[in-house]
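Asker: Handing you this structure, nothing more for now.
Please treat every number below as a calculation from the coordinates, not as lab data. These numbers come from a predicted model, not from an experiment. Glycine gets a Cβ as well: all are built from the backbone with ideal geometry, and neighbour counts include every protein chain shown.
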């Protein structure tokens, strides 16, 4: 069996067979890496390299790769149950969700999610708070003849990215003609966002000229603050497993944990956990303040995280340099596997 998956098609279909017995073709698109493709097809980077006789991790847009393809698995139901109907439930998207992780959580495929949610036209464009349909199955117990609906797969633990009113806001002096609505529009937020930043405002229709209120920083202001925070620790030594309370030594993820926490963003402790928060962005579209993740051993496992300074520069805690700036090329770029945006 052969099938072709072209660039732009859904990448995250989950294959449920137990063993790959054939190969499919996949066309590399922008933002892809061998690690990302391996995760999509539930295989390893080394297996993809072996299938395609690759001698390095470098791939290019439009390149056609052989990837493992699993046959459809027919699952035999337990003797006491039989499926009688399929239905849908609703799910509210959380921070860090992608269609791929949602599909895995509900034991379905991205293709099925797109069928249930025709308003989603881009698999990379979902947003926190969006309500989507997810499939569920109703079964009947042949012994008791009672209908039951299985409990949905448990929600994966996602670390939220809270905003601190002190580090993620700045002061604004109310001008003649200002209202909370016009100020909200000026800073591209909602009136409720402003109220959350200013709990002393109890009447949305009453603010006065000359009053100082808190308004959110722009993404660029927040990114600049994060980079300035990181620069304070340049020169600190590397120590694997460094406690997050120490600032004289860091490993890669204790460094990002510390820097972002000083700017009102709480991250999990490890690089693999940090890769699950925020919103994934294409590697080609990273901007300063984003986190970028690496697989330096080619085993399909994230083992390093850095802060993006610009498209060519990183700020991180590396084993060889400690906390330092680094150039993406030539070493880091081929090993980059994922980027996430936290604000």
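Asker: Distance in nm between label sites at residue 25 and residue 190, each 7 Å beyond Cα in the beta-carbon direction?
Answerer: 4.7 nm
Asker: Quick one: grab the alpha carbon gyration tensor of the range 169-216, order the square roots of its eigenvalues as a ≥ b ≥ c, and give me rounded if a/c is under 1.5, else prolate or oblate depending on whether a/b is larger than b/c.
Answerer: rounded
Asker: So, one more: How would the range 221-341 be classified by its alpha-carbon gyration tensor: rounded, prolate or oblate, with rounded meaning a/c under 1.5 and the a/b versus b/c comparison settling the rest?
Answerer: Rounded, since a/c falls under 1.5.
Asker: Counting other beta carbons within 10 Å of each Cβ, put 287, 104 in order, fewest first.
Answerer: Ascending number of Cβ neighbours within 10 Å: 287, 104.
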